[in-house]
Amino acid sequence: MISGLFTAVLLVMFTGLWAWAWSRRRQQDFTEAASLPLDDGLRIQPREPRA
């Protein structure tokens, strides 16, 4: 019984993490992070705080 509950909790956590990673709100952050290795460091732009 406990192992079934543990499995269910892990499944819910995995689904939540997957939904967070694929949400449209996070898309810009992940796009910026993906381009960091290609950035030469010459264009530093301050990031606007989120509301």
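Just so it is clear, none of the values below were taken in a lab; they were calculated from the coordinates. Here the structure is a predicted model, which is why all the values come from computation and not from measurement. We place every Cβ from the backbone using ideal geometry, glycine too, and count neighbours over all the protein chains shown.
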Subject >> C-alpha long axis of helix 2-21 to longest principal axis of the chain, angle in ° >> reply: 20
**OP:** Report ³J(HN,Hα) in whole Hz for each residue of segment 24-35, in order, from the Karplus equation J = 6.51 cos²θ - 1.76 cosθ + 1.60 where θ = phi - 60°; Gly and Pro get x.
**Re:** 5, 5, 8, 4, 5, 4, 6, 5, 5, 5, 5, 8
Original post:
Most exposed first by the Cβ proxy, i.e. fewest other Cβ within 10 Å, how do Met13, Met1 rank?
Top reply: Met1, Met13
Subject >> Cα-Cα P(r), segment 1-43, percent of pairs per 10 Å interval >> reply: 24, 28, 23, 16, 7, 2
Original post:
Taking the Cα-to-Cβ direction at Leu11 and at Arg24 and moving 7 Å from each Cα, how far apart do the two end points lie in nm?
Top reply: 2.9
